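Read through the structure below, which is laid out as structure tokens, and then see the notes.
The values are calculated or read from the model by the stated rules, or taken from the named source; none is laboratory data. Since this is a predicted model, take the numbers as computed values, not measurements. For neighbour counting, all protein chains shown are included, and Cβ atoms are generated from backbone atoms with ideal geometry for every residue, glycine included.
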Amino acid sequence: MFDFSPKLIDIARNVVLIILLVAIAWSLHESFYFFMFPPEEKSAQLPNDLGTNTVPDEGSIDHITSLNLFGDASRAQLNSTAPVTESLAETRLNLELIGVFAASDDDPQDSAALISEKRGTAKLFRINERVPGNATLIEVFADRVVIERSGKRELLRFPTTKSNFTPQAESDRVTNDPALSRS
């Protein structure tokens, strides 16, 4: 059927070799011109007759902040600094505030708080739910919650942590390495 004589195989091998050499030469030529004469960046030119752009730039910072993706910050600050709750007494219940989920002003009923009894496991409480100590969760803010017990409102804040870290001045440090010590 096919005659694969050694002469025909030599011709096919030479043709393939020539094609490979031409491809390698072309690739080297293109690489040389790419690195020696890099392509110029062309900026897009808009026609002058388009007029001014009235559509806001959707990538601009002002446009993104105007969307209030995480709620209106100014309204949240007003809510979190409500002077009415600042004058309330701290609760004497054996409770600890672990976390808060303060909802927006539009629907504060979606707010919740993680509250635990001291050294106990934390549980999630929503607005108007009973918390330990026969109290009810009334309001949730970013840094505190308001509970009501026996008709009186009380504050429950996050626990304050005291650090044992005391920074030392540079001259107070002692080094045993003679190369590092000052003479």
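Before moving on, here are some points about what is shown:
- Check on L124, of a type outside the set (V, I, T), surrounded by 14 or more Cβ atoms within 10 Å (Cβ to Cβ) and more than 23 Å from the chain's Cα centre (by Cα): no
- Of the criteria (1) modelled with pLDDT of 85 or more; (2) not in a helix (DSSP H, G or I), which one F34 fails: (2)
- Of all the residues in the range 90-137, those that are outside any strand (DSSP E or B), touching a Pro at 6+ places or on another chain (Cβ under 9 Å) and under 18 Å from F158 (Cβ atoms) number 4.
- Matching residues, the range 92-116, being more than 16 Å from R144 (Cβ to Cβ) and acidic (D, E): D105, D106, D107, D110
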